[in-house]
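The values are calculated or read from the model by the stated rules, or taken from the named source; none is laboratory data. Since the structure is predicted, the reported quantities are computational estimates derived from the model, not experimental observations. Glycine gets a Cβ as well: all are built from the backbone with ideal geometry, and neighbour counts include every protein chain shown. SASA here: full protein model, heavy atoms, side chains in, ligands and nucleic acids out. Shrake-Rupley method; radii C 1.70, N 1.55, O 1.52, S 1.80 Å.
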Amino acid sequence: MKIVVCVKQIPLSNTVKIDPQTHNMVRDDEEGRMNPFDRNAVEEALHLKETHGAEVIAMSMGPPIFTSTLREALSMGCDDAVLLSSRAFGGADTLATGYTLSQAIKKIGNVDLILFGRQAVDADTGQVGPIVAEFLGIPQVTFVSSMNVINESEIEVTRFYDDEEEIVETTFPLVATVRSELNTPRYTTPLGIRRAFRKEISVYNETDIKCDPSRIGMRGSPTVVTDTFIPKKAGRNMHQLNTNAEKAARELVSILRDRKLL
Amino acid sequence: MEFDFTDEQIMLRKMLREFTKNEVTPRMKEMDENGFSEDLFKIMAATGINDLAVPEKYGGAGYDYVTQAMAIYELSKGSPSIGIILDAHWKVVAQIVKYGSEEIKQRYLPRAKDELFAFCITEPAGGSTIESNRTTAVRTGDDWVLNGTKSWITNGGRASVYVILAITDKEQGLDGRTTLIADTDSPGFSLGKLESTMGMRGCPIGEAIMEDCLIPDSDRLGEVNNGIEIAHEAHDTARIFMGAIAAAIQKTALELSVEYAKERLVYGKPIADLQAIQFKIAEMAMGLLSTKLIVYQSAYMKDHDQPHTREAATAKAFGSQLALRAADHAIQIFGGYGYSREYPVEHLWRDAKSLQIAEGSLEKLHIDIANVALSEEARE
Amino acid sequence: MNRENATGIWVFAETRDDKLESTVPELLAVSRDLSKVTGEKVTAVLLERQDLDLAPALIEYGADVVLEVRSDILGDFDPVLYKDALAQLVEKYNPNIFLFGATHKGRALAPRLQARLQTGLTADCLELVIDDTGLLVQTKPSYGDNLMCTITCPEARPQMATVRPNVFHPLPRNHENAGTVVSEELSLEPNENYRVVKKTRVPAQVSSIGNADKIVSIGRGIGARTNLTQVQLLAERLHAGIGVTRPLADNGWFSHDEQIGQSGITVQPRLLLNLGISGAVQYKAGMKNSGVVVSVNRDIDAPIFSVSNYGYVGDVNEFVQALLAECSNLE
């Protein structure tokens with residue numbers, strides 16, 4: 001079984017710089033961390049490695065600094081790591097990103113399972129998984145909370161969202177986006193880190209993977225960020241309650257009763 | 001001179017920080033109240049932390065002393081007790097790596113993952129002064145017969161492997177000592193009482209009693225009558241690590257104090273604005289910086305096989321004083337809350353105090369350092 | 001598909017338990033606002049089993065046209081099958097805009113369709129307007145707080161967006177509305193390699209706060225975990241659901257399904273009580289449509305107060321205790 005896990009490096013902190021011209025996030029020079037849901041994806045891949053002898057390849061698209069998250073994936077136990085990095089890939093929206101990833105997956109070849117975290121907690125779109133599935137022409141299951149491999153061509157998964165649970169039987173090759181309920185990601189280990197730093201991370205640019213230049217990067221992005229701004233204050237005029245807790249509570253209860261909220 | 005960590009060390013540090021935050025810090029109070037945490041020890045074993053110091057050939061991660069010191073620093077920020085446990089554990093690992101035969105390495109080093117090691121010098125009558133030791137080891141055929149009691153053993157009571165320093169040739173004084181490796185299964189070996197200590201309460205401190213305890217010669221660590229060198233090696237290693245714990249205590253004290261000083265208002269202004277508080281903060285900051293530097297320099301010298309007794313002793317002697325002072329400052333800054341057991345401040349003082357006593361008292365270290373300074377030619 | 005000749009505002013009429021999914025009326029309301037500017041018709045696209053007939057409801061909620069495809073193979077949600085159906089319709093009619101609810105179905109289906117049509121999709125929008133050039137401007141909050149992004153899709157069509165539930169208010173159902181129903185026959189093949197075996201409603205330990213009428217929301221200012229007991233008591237007293245800020249979901253005290261905010265749930269309760277919450281932009285984005293907002297924080301400068309109707313500046317736990325006591329006095 002061959003598994004590709006797509007991971008994204010997201011900013012560590014809340015302060016993000018925006019390029020005033022492209023309106024895209026400035027990502028270089030920033031220590032990052034692996035998107036938390038991607039850790040669940042990596043964990044699941046490693047679990048399948050343990051139970052089914054799967055080969056696990058971690059993949060990411062971004063600037064060279066993204067190797068640190070790939071290194072982390074290797075430290076957790078992935079066999080190999082691939083970074084898709086090039087100026088030409090820059091400024092990609094979800095469509096261009098999905099296209100680039102799917103071309104790289106085609107290049108790797110014979111991939112049975114492609115795992116994503118359900119969404120990246122910076123942009124929160126959750127779109128790239130389904131886009132890759134469409135470009136590869138394979139089934140998708142999103143919001144996966146449990147996975148059960150039946151045999152080398154069939155798998156049963158549970159999808160869970162809000163208060164609804166759905167059990168789906170589908171086939172490989174497959175794209176799955178996973179939720180945090182799926183598993184508890186393992187820590188990297190000191191020995192894992194040692195070994196990870198001895199591995200070479202392959203870096204592919206647009207000539208390494210066969211791709212149509214009009215479909216990658218900003219050229220391949222139908223959407224454009226036109227503006228970023230600080231949202232206006234909601235404009236409520238706050239009435240401050242009494243500074244004494246008991247008096248304030250009494251005041252509030254009275255107000256809420258008047259407004260039929262209590 | 002390279003002062004930066006490598007990318008690899010940075011990644012390890014990141015992992016240790018996360019581990020500390022998720023697994024160690026939440027258990028700190030419980031360990032302070034109830035002692036050693038089996039639960040945490042198991043998770044540390046599974047996550048490959050216990051054998052971080054063991055060379056790769058024997059199943060560990062094989063990280064050097066600078067990295068080991070960094071690891072102890074990071075984990076001690078969650079609980080200094082964990083630092084002290086690993087300190088005692090890894091100092092034995094270091095001894096075995098340096099002095100053990102290939103056979104001993106193969107037999108013991110893989111055990112470092114799931115079991116705990118301890119090194120035993122101190123005895124009931126005489127503290128850490130090796131001169132006053134009385135435990136003997138007498139050669140009988142292929143075995144050694146040990147008689148005596150070792151006390152104040154860090155990890156004692158929970159460890160399964162005990163390296164004993166015993167008298168093998170009384171005539172030769174300090175040059176007649178040998179280190180032998182005992183196991184809780186060794187015939188004639190038993191564990192005595194556990195100490196109840198002021199601080200570092202998550203770390204078991206116990207006693208080992210040897211009554212005609214039989215240790216095969218194949219479990220002798222190093223050459224006969226070379227025990228003192230091995231004991232000094234252990235001191236050097238442990239003192240570096242204790243310096244790292246001292247730094248961690250200072251870091252925790254500083255961070256907590258800074259956060260509190262900025263929030264706590266007196267007369268409408270944060271106490272961080274007051275000079276009296278600022279001076280304490282400054283002392284804590286300076287102490288932390290200095291301690292870290294000495295710790296990492298000592299570890300670096302050890303990694304490069306340079307003599308480092310003076311540096312390691314300084315790391316512990318100086319670091320422990322700075323740590324106690326930092327803990328003291330933190331309690332003052334927190335005021336009533338600093339005195340309360342509900343807050344994670346007062347334990348720092350109790351934990352820091354142990355660093356001034358264990359592994360060579362402050363007083364003894366001063367003498368050691370003075371001896372080196374007075375006897376050697378200037379190195380630079 | 002590109003800009004020329006693309007016309008029509010489409011809404012995917014998602015169904016759930018044989019009824020319209022609750023975001024559909026919200027999407028129709030937004031679409032009506034957009035159509036006031038562009039003058040285009042609002043079309044609801046309905047994929048349903050043979051025995052259902054939800055078209056009339058769609059018209060009552062504001063659709064001018066309902067494009068309906070009825071087939072039993074559409075009974076279960078198969079994203080590939082639905083995508084194929086929608087793609088056929090899009091290629092036939094060339095709509096300008098296509099909106100989906102950001103439900104799990106919407107979030108699985110819309111991007112798949114986006115890729116199939118090679119167009120742009122913005123997820124989880126909080127605002128949709130038409131600009132001077134006639135483009136749909138999609139607004140979504142972006143990680144890194146303090147920032148909202150506006151996005152457009154200048155050339156590719158349709159302009160697609162998934163819309164955050166509970167953000168837009170639906171129009172009241174109007175039986176007087178007039179509209180046309182167009183039945184579409186599509187050739188659809190069931191998928192051999194995808195089968196929904198079982199569907200269950202999971203009795204949520206905490207029922208979804210997205211629909212809660214009253215919410216007590218907890219932030220880091222609550223302090224120790226032991227303080228939560230009191231808060232839970234208070235929530236019960238007030239018959240309120242419990243929501244949390246991100247840190248309290250990240251640290252494992254609560255699940256992400258109870259998290260209010262940009263990457264969590266959007267709420268619009270009639271009463272929202274914020275306890276120990278500073279009011280980061282991501283949080284505010286999730287609660288801005290709440291009715292009466294009461295906030296408690298010990299810092300008078302906490303941003304949460306700027307979006308509150310009532311505020312108590314002081315110790316959170318003290319206030320909770322006092323409020324609990326006061327509520328007990330009532331009973």
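Can you pull the Rg over Rh of the range C:9-183, Cα-only, Kirkwood?
Values: Rg = 15.1 Å, Rh = 16.1 Å.
Radius of gyration relative to Kirkwood radius: 0.94.
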*Of A:LYS2/A:LYS199; B:LYS21/B:LYS42; B:LYS77/B:LYS292; B:LYS170/B:LYS302; B:LYS29/B:LYS364, pairs whose Cα-Cα distance is over 22 Å*: B:LYS170/B:LYS302; B:LYS29/B:LYS364
*What does the charge dipole of the range B:229-374 about its Cα centre add up to, to the nearest 20 debye, if the Cβ of each Lys and Arg holds +1 and the Cβ of each Asp and Glu holds -1?*
440
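Set the Förster radius R0 to 56 Å, insert the Cβ-Cβ distance between B:ALA125 and B:TYR337 as r into 1/(1 + (r/R0)^6), and round the FRET efficiency to 0.05.
FRET efficiency, B:ALA125 to B:TYR337: 0.85.
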*Loop-resident sites, the range C:164-200, for GluC sites (Glu not before Pro), counting at most 15 other Cβ within 10 Å (DSSP)*: C:GLU176, C:GLU185, C:GLU192
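Any idea what the relative contact order of the range B:117-227 is, in percent, if you count C-alpha pairs under 8 Å spaced at least 6 apart? Each step should come with its number before you reach the end.
Values: 280 pairs, mean separation 34.4, N = 111.
Here the relative contact order equals 31 percent.
So what is the diffusion coefficient of the protein assembly as shown in µm² per second by Stokes-Einstein at 10 °C and 1.306 mPa s, using a Kirkwood Rh over Cα pairs? Walk me through the intermediate numbers first.
On the way: Rh = 31.7 Å.
For these conditions, the coefficient is 50 µm²/s.
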*With springs connecting C-alpha atoms under 10 Å apart, model chain B as a Gaussian network and identify which of B:ASP175, B:ASP219, B:ASP87 has the largest mean-square fluctuation.*
B:ASP175
*Name the chymotrypsin sites (Phe, Trp or Tyr not before Pro) in the range B:242-323 that are in a loop by DSSP and that have at most 15 other C-beta atoms within 10 Å, would you?*
B:TYR267
_Helix B:7-19 against the longest principal axis of chain B: what's the angle in degrees, Cα atoms only, rounded to the nearest 10?_
80
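What full-extension length gain, to one decimal in nm, is calculated for C:GLU4 and C:GLU192 as 0.36 nm per residue of separation minus the Cα-Cα distance? Please report the intermediate quantities before stating the final value.
On the way: separation 188, 0.36 × 188 = 67.68 nm, distance 3.73 nm.
Using 0.36 nm per residue and subtracting the Cα-Cα distance, I get 64.0 nm.
Work out, step by step, the length gained on full extension between B:GLU229 and B:VAL266: first 0.36 nm times the residue separation, then minus their alpha carbon distance; give nm to one decimal. Let's see the in-between values first.
Working: separation 37, 0.36 × 37 = 13.32 nm, distance 5.62 nm.
Difference between extended and current length: 7.7 nm.
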*Are there GluC sites (Glu not before Pro) in the range B:1-42 that DSSP marks as loop and that have at most 15 other Cβ atoms within 10 Å, and which are they?*
B:GLU2
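Based on the Kirkwood radius over alpha-carbon pairs, what value in µm²/s does the Stokes-Einstein equation return for the translational diffusion coefficient of the range B:7-112 at 37 °C and 0.692 mPa s?
Details: Rh = 14.1 Å.
It diffuses with D of about 233 µm²/s by this estimate.
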*Computed FRET efficiency, Cβ-Cβ of A:ASP163 and C:HIS239, R0 22 Å: what is it to the nearest 0.05?*
0.70
*What is the mean projected area of the alpha carbon convex hull for the range B:229-374, to one decimal in square nanometres?*
9.3
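How many square angstrom of accessible surface are buried between A and C, both sides summed, with a 1.4 Å probe and rounding to 100? List each step's numbers first, then the result.
On the way: alone 15410 and 16460 Å², together 24670 Å².
Chain pair A/C: roughly 7200 Å² of buried accessible area.
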*Per-residue ellipticity at 222 nm for chain B, helices alone: DSSP H runs ≥ 4 residues times -39500 (n - 2.57), over residue total, nearest 500 deg cm²/dmol?*
-16500 deg cm²/dmol
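Magnitude of the Cβ-charge dipole of the range C:9-183, K/R +1 and D/E -1, about the Cα centre, nearest 20 debye? Kindly include the intermediate steps, with their values, before the conclusion.
On the way: 17 positive and 25 negative charges, 59 e Å.
Here the size comes out at about 280 debye.
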*How large is ³J(HN,Hα), in whole Hz, for each residue of the range A:126-139 in order, when computed from phi with the Karplus curve 6.51 cos²θ - 1.76 cosθ + 1.60 and θ = phi - 60°, using x for Gly and Pro?*
x, 8, 4, x, x, 5, 4, 4, 5, 5, 8, x, 10, x
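Rounded to a whole number, what is D in µm²/s for chain A from Stokes-Einstein with the Kirkwood radius over alpha-carbon pairs (37 °C, 0.692 mPa s)? Show your work: numbers first, answer last.
Details: Rh = 20.4 Å.
Translational diffusion coefficient: 161 µm²/s.
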*Mind counting lysine pairs for me in chain C? Cα separation below 20 Å, and the two need to be 8 or more apart along the chain or on different chains.*
13
*Mind putting a number on the dipole of the range A:162-217 about its Cα centre? Charges go on the C-beta only, +1 for Lys and Arg and -1 for Asp and Glu, and I need it in Debye to the nearest 20.*
860
_Within the range C:148-176, backbone nitrogen closer than 14 Å to the virtual label 7 Å beyond the Cα of A:THR226 toward Cβ_ = C:149-156, C:159-160
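With runs of 4+ DSSP H residues as the only contributors, calculate the mean residue ellipticity of chain A at 222 nm using -39,500 (n - 2.57) per run, divided by the residue total and rounded to the nearest 500. Please list the in-between numbers first.
Values: 6 runs with 72 residues, N = 262.
It lands at -8500 deg cm²/dmol.
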*Zone of C:THR180's modelled label, taken as backbone nitrogen in the range C:66-108 under 16 Å from a point 7 Å along Cα→Cβ*: C:66-69, C:92-95
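Between C:ASP299 and C:ALA87, 0.36 nm times their residue separation minus their Cα-Cα distance comes to what?
On the way: separation 212, 0.36 × 212 = 76.32 nm, distance 5.30 nm.
Using 0.36 nm per residue and subtracting the Cα-Cα distance, I get 71.0 nm.
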*Quantify how strongly other chains surround peptide B:38-48 by giving the mean number of their Cβ atoms within 10 Å of each of its Cβ atoms.*
2
*asked:* How large is log10 of I(q)/I(0) for the range C:214-330 at q = 0.10 Å⁻¹ when the intensity is taken from the Debye formula with one equal scatterer per alpha-carbon?
replied: -0.24
